[in-house]
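See structure below.
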Amino acid sequence: MRVPDSQTFVPVILGGDIGTYSLAREFHEAYGAASVAVPAGTNGVLEHSVAVDVRPAGSMAEDVVVEHLLRLGAELKGDGDRPLLLFGSLDLHITTITRHRARLEDYYVIPYVPLELVELAALKENFYELCAELGIAHPRTHVYDAGSGAVPDDLPYPLIGKPSDSSAWVAAKFAGKQKVHTLHTPEELHDLLGRIDASGYGGRFILQELIPGGDSNMKLATFYCDPDGRARYAAYGEVAVEEHAPIVLGNSAAIVSGMPDAAAETFVQQGRRILERLGWRGFAMFDAKLDPRDGVVKFFELNPRLGRNHYYLTAAAAAGGRHWANPARAYVRDFLGPRFEATQLPSGLTVSREEILYSVLPAPLLRQHLVGPVGERAAALLKSRETVNPLVYRAERHPRRWFYIAAALANQFRKFKQYPPRR
């Protein structure tokens, strides 16, 4: 569909994944608004949707994307003063938007902190330094400078290897490249570093102790901070199942929201401390993992944006009657003003406590992979049907869209058979 000329503002969203569609759905739920999605190329997640106008850029190379956005901005703006809100679905997109803010602001309202603050928070070595300063637990970490060839002899194998700058990592090309690498020996490490150095990747590479335990040890929290840098609402989630296909490794496939114990309360308060120390504005998401060796939840990273699976926050808020917590309303309230969104936030920090099961998996497949306490919570929510799939939106009408959703659910059986979750 195309954005109607009568629509009073237009969300423009870089990306083509579930997170892109979720944000477009949230704008449609809140305002009946259609969003313009800008992927490299169109795909089934976005096609034939009542909420999405797909305008592919052809490539996600930075110069191509910026020029495409400028042309699109001129078209959507026309001769009027209709505001355009610009969003990104990946760290790469946020970096592109904030790096080219001066040019893009000719057409777009940009709801992100400055590039310097994005890099302070999102580059992993900076994030771990901040955690150390605040006394917040995180895995033992070594930062490798690409091309240096220098690594300590006492690294704690097995290791996790991951880029410090995930946006720069996109351009690195080498055999066997993964989103996250698991390394068991010094020989494996040196082989990988050699391939990284030869790829031209110029960023830093994080070498980190592997925290044992399966998917159900993973934790996350999404926060919203107001223009004064105060955390105003948050949703905590525990991962029931992750995806393990290489291209989506580490993405959550099922999340249980709520605040089940004191560890969850501590995690949320620690996330709040980090964001308020930074003077953050807008949304951010933390990834962490419960270390079974000492029972401590250890922070992995801060994403300077809504996460791919952030719809768990919206679903939990709606279950509690807090429709003002829909991210679309937050963006409009704080960046477009009361002319477009008059609702106000309650004072202090509101934390969602409702239990909702967010899942992109068919229920029979999900049941096969539920383990531990979070698995028990997920099974109970499946039984009571307190579940949400962000792609299953009742406002959608096109039969080809529902065919795609059915096919995508069926395809999960094949993926999970080939790449089963960790236990």
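The values are calculated or read from the model by the stated rules, or taken from the named source; none is laboratory data. On a predicted model such as this, the values are computed, not experimentally measured, just so you know. Cβ: placed from backbone, ideal geometry, glycine included. Neighbour counts: every protein chain shown. Surface areas here come from the heavy atoms of the whole protein model, side chains and all, with no ligands, DNA or RNA. Shrake-Rupley method; radii C 1.70, N 1.55, O 1.52, S 1.80 Å.
Give the residue that is surrounded by the most Cβ atoms within 10 Å (Cβ to Cβ), with candidates limited to residues of the stretch 55-93 that are charged (D, E, K, R) and touching a residue at least 60 places away in the same chain (Cβ under 8 Å). Among those residues, the one meeting the criterion is ASP91.
Under the condition of being among the hydrophobic types (A, V, I, L, M, F, W, C) and over 12 Å from TYR201 (Cβ atoms), which residue from the stretch 157-177 is least open to solvent (accessible area, probe 1.4 Å)? Please lay out each step first, then the result.
Pass one, the stretch 157-177, residues among the hydrophobic types (A, V, I, L, M, F, W, C): 159-160, 168-172, 174-175.
From what is left, the residues that are over 12 Å from TYR201 (Cβ atoms) are 159-160, 175.
Details: LEU159: 1, ILE160: 33, ALA175: 76 Å².
Ranking the candidates gives LEU159 first.
Against the numbered list (1) in a strand (DSSP E or B); (2) open to solvent by 20 Å² or more (accessible area, probe 1.4 Å); (3) closer than 28 Å to GLU119 by Cβ, PHE283 comes up short only at (2).
Restricted to the stretch 286-300, and to residues there that are of a type in the set (A, V, I, L, M) and open to solvent by 10 Å² or more (accessible area, probe 1.4 Å), the residue that is farthest from the chain's Cα centre (by Cα) is VAL296. Listed conditions (1) more than 20 Å from GLY19 (Cα to Cα); (2) surrounded by fewer than 18 Cβ atoms within 10 Å (Cβ to Cβ); (3) in contact (Cβ under 8 Å) with a residue 40 or more places away in the chain are all met by GLY337, apart from (3).
To keep it simple, each residue is scored yes or no on (1) closer than 19 Å to ILE136 by Cα; (2) crowded, with 22+ Cβ neighbours inside 10 Å; (3) without any contact (Cβ under 8 Å) to a residue 60 or more places away in the chain; (4) of a type in the set (D, E, K, R).
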site	(1), (2), (3), (4)
LYS179	no, no, no, yes
LEU183	no, no, yes, no
GLU188	no, no, yes, yes
ASP215	no, yes, no, yes
CYS225	no, yes, yes, no
HIS244	no, no, no, no
ILE247	no, no, no, no
ALA262	yes, no, yes, no
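When each of LEU382, LEU361 is tested for being closer than 21 Å to ALA254 by Cα, touching a strand residue (DSSP E or B) at 6+ places or on another chain (Cβ under 7 Å) and in a helix (DSSP H, G or I), the lone residue that passes is LEU382. So GLY149 clears everything in (1) modelled with pLDDT of 85 or more; (2) under 13 Å from ASP197 (Cβ atoms) except one condition, right? Which one? For GLY149, the failing item is (1). Consider the stretch 100-118 and keep the residues that are aromatic (Phe, Trp, Tyr) and part of a loop (DSSP other than H, G, I, E, B). The one that is nearest to ARG82 (Cα to Cα) is TYR107. Entry remark, the stretch 309-334: residues being in contact (Cβ under 8 Å) with a residue 24 or more places away in the chain and outside any loop (DSSP other than H, G, I, E, B) number 17 in total. Among the residues of the stretch 122-156, the ones that are hydroxyl-bearing (Ser, Thr, Tyr) and surrounded by fewer than 13 Cβ atoms within 10 Å (Cβ to Cβ) come to 1 in all.
May I ask you to verify whether ARG400 is of a type in the set (Lys, Arg), open to solvent by 50 Å² or more (accessible area, probe 1.4 Å) and part of a loop (DSSP other than H, G, I, E, B)?
Values: of a type in the set (Lys, Arg): yes; open to solvent by 50 Å² or more (accessible area, probe 1.4 Å): yes; part of a loop (DSSP other than H, G, I, E, B): no.
It is false that ARG400 is of a type in the set (Lys, Arg), open to solvent by 50 Å² or more (accessible area, probe 1.4 Å) and part of a loop (DSSP other than H, G, I, E, B).
Is there a residue being in a loop (DSSP other than H, G, I, E, B), touching a Gly at 6+ places or on another chain (Cβ under 9 Å) and open to solvent by 60 Å² or more (accessible area, probe 1.4 Å) anywhere in the stretch 411-422? Yes - at least one qualifying residue is present in the stretch 411-422. Under 21 Å from ARG422 (Cα atoms) and not charged (D, E, K, R), is that true of ILE211? Answer is yes for this residue.
Criterion first (open to solvent by less than 40 Å² (accessible area, probe 1.4 Å), part of a helix (DSSP H, G or I), under 25 Å from ALA318 (Cβ atoms) and of a type outside the set (Val, Ile, Thr)) does SER22 satisfy it? Judged against the criteria, SER22 is a match.
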